[in-house]
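Peer 1: Sharing a structure, written as structure tokens. Questions coming.
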């Protein structure tokens, strides 16, 4: 396993304990009442992103962005999608076919453990989901796929904590190109772009923030099939001088039409709209306001049972 892969594996592992205790309730039920708006577990995200910030790794976008990826995958599992087909998975290897996972569960324990160890040693599985688009392979940050369906959800994330105006144009060009590349090959998939910025942009570069809002809106599909199914923006901030800085989500400056709730609603609804009614039954039930159990094997549930 290469150095980069090892670093990514360790980065995801540092979020496991936080995700273990994270809520897994339906995101469309809030305080016992059914809502039409997705209710993200922002407290979980704040706890996740505080980990790289406290270790002074926020400017190393890889670890910070992977915290965002881990959270979005968790939110998709909360929405009712099968834990085995949502990548990054809640345990290593983060990217692995659900068929292999099912095989491992059916094998004798000793053989299953040996094969699992071999997979973790790099014989199979990955920390990256590389998806073939129309023109090139794209490393996609959050994916929902199975060999029988193909990719159903492809989500790209970007995190920007400084040098906003300097790098914004490059992010825009990259994002637009990636949308065209993926949508051309998978026109029915939910293809999303989620952008996380540090809220210091509001004071240090307000013009760059206005450009960001405009960019997020213009990256969407206007009916020509080239833009994203959904786009979203999130602002976060923390105190650099605190001994143990805590990341907090900054809600009010982000317009509702590009906020996280509408983004998650659009991604989920896009998947459900183009699939038969007997697929993603738990997600459909949760979307309708029912308290449906989560489908598939979830290592977090298994670990909780073992501990408690």
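Peer 1: Do we find that residue 285 is touching a residue at least 40 places away in the same chain (Cβ under 8 Å), outside any strand (DSSP E or B) and either within 17 Å of residue 142 (Cβ to Cβ) or in contact with a helix residue (DSSP H, G or I) (Cβ under 6 Å, 6 or more places away or on another chain) (or both) in this structure? Give the derivation first.
Peer 2: Working: touching a residue at least 40 places away in the same chain (Cβ under 8 Å): yes; outside any strand (DSSP E or B): yes; either within 17 Å of residue 142 (Cβ to Cβ) or in contact with a helix residue (DSSP H, G or I) (Cβ under 6 Å, 6 or more places away or on another chain) (or both): no.
Here the answer is no, as residue 285 does not meet what is asked.
Peer 1: Then there is this: Could you look through the range 29-42, keep only residues that are outside any loop (DSSP other than H, G, I, E, B) and out of contact with any strand residue (DSSP E or B) (no Cβ under 9 Å at 6 or more places or on another chain), and pick out the one that is surrounded by the most Cβ atoms within 10 Å (Cβ to Cβ)? Steps first, please.
Peer 2: Quick first cut of the range 29-42, residues outside any loop (DSSP other than H, G, I, E, B) only: 29-30, 33-34, 42.
With out of contact with any strand residue (DSSP E or B) (no Cβ under 9 Å at 6 or more places or on another chain) added as a condition, the list becomes 29-30, 33-34.
On the way: 29: 15, 30: 13, 33: 8, 34: 12.
Result: 29.
Table: residues versus (1) in contact (Cβ under 8 Å) with a residue 40 or more places away in the chain; (2) out of contact with any helix residue (DSSP H, G or I) (no Cβ under 7 Å at 6 or more places or on another chain); (3) not in a strand (DSSP E or B).
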position	(1), (2), (3)
222	no, yes, yes
233	no, no, no
253	yes, no, yes
265	yes, yes, yes
271	yes, yes, yes
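Peer 1: Oh, and also: Can you name the residue in the range 116-140 that is in contact with a strand residue (DSSP E or B) (Cβ under 6 Å, 6 or more places away or on another chain) and part of a strand (DSSP E or B) and is also modelled with the lowest pLDDT among such residues?
Peer 2: Looking at residues that are in contact with a strand residue (DSSP E or B) (Cβ under 6 Å, 6 or more places away or on another chain) and part of a strand (DSSP E or B), I get 126.
Peer 1: Under 7 Å between Cβ atoms, which residue pairs at least 6 apart in sequence (or on different chains) link something in the range 1-28 that is at positive phi and in a loop (DSSP other than H, G, I, E, B) with a partner that is modelled with pLDDT under 90 and surrounded by fewer than 13 Cβ atoms within 10 Å (Cβ to Cβ)?
Peer 2: Close Cβ pairs satisfying both conditions: none exist.
Peer 1: Taking the range 177-189, which residues are surrounded by 14 or more Cβ atoms within 10 Å (Cβ to Cβ) and not in a helix (DSSP H, G or I)? Give the steps one after another, and end with the answer.
Peer 2: Residues of the range 177-189 that are surrounded by 14 or more Cβ atoms within 10 Å (Cβ to Cβ), as a first pass: 177-183, 185-186, 188-189.
The answer is 186, 188, 189.
Peer 1: Restricting attention to the range 146-164, does a residue exist that is under 27 Å from residue 53 (Cα atoms), modelled with pLDDT of 90 or more and part of a helix (DSSP H, G or I)?
Peer 2: Within the range 146-164, one or more residues are under 27 Å from residue 53 (Cα atoms), modelled with pLDDT of 90 or more and part of a helix (DSSP H, G or I).
Peer 1: Within the range 58-71, is even one residue modelled with pLDDT of 95 or more and more than 30 Å from residue 239 (Cα to Cα)?
Peer 2: No, the range 58-71 has no match at all.
Peer 1: Listed residues 208, 199; which is farther than 24 Å from residue 153 by Cα, modelled with pLDDT of 95 or more, out of contact with any helix residue (DSSP H, G or I) (no Cβ under 8 Å at 6 or more places or on another chain) and surrounded by 18 or more Cβ atoms within 10 Å (Cβ to Cβ)? Spell out the reasoning first.
Peer 2: On the way: 208 fails: out of contact with any helix residue (DSSP H, G or I) (no Cβ under 8 Å at 6 or more places or on another chain).
Among 208, 199, only 199 is farther than 24 Å from residue 153 by Cα, modelled with pLDDT of 95 or more, out of contact with any helix residue (DSSP H, G or I) (no Cβ under 8 Å at 6 or more places or on another chain) and surrounded by 18 or more Cβ atoms within 10 Å (Cβ to Cβ).
Peer 1: Kindly indicate which of 102, 113, 174 is modelled with pLDDT of 90 or more, part of a helix (DSSP H, G or I) and surrounded by fewer than 18 Cβ atoms within 10 Å (Cβ to Cβ).
Peer 2: Numbers: 102 fails: modelled with pLDDT of 90 or more; 113 fails: modelled with pLDDT of 90 or more.
Criteria check complete, one pass: 174.
Peer 1: Which condition breaks for residue 213 when tested against (1) touching a strand residue (DSSP E or B) at 6+ places or on another chain (Cβ under 8 Å); (2) modelled with pLDDT under 95; (3) in a helix (DSSP H, G or I)?
Peer 2: That leaves (2) as the condition not met.
The values are calculated or read from the model by the stated rules, or taken from the named source; none is laboratory data. Computed from a prediction, not measured in an experiment: that's the story for all the values here. Cβ: placed from backbone, ideal geometry, glycine included. Neighbour counts: every protein chain shown.
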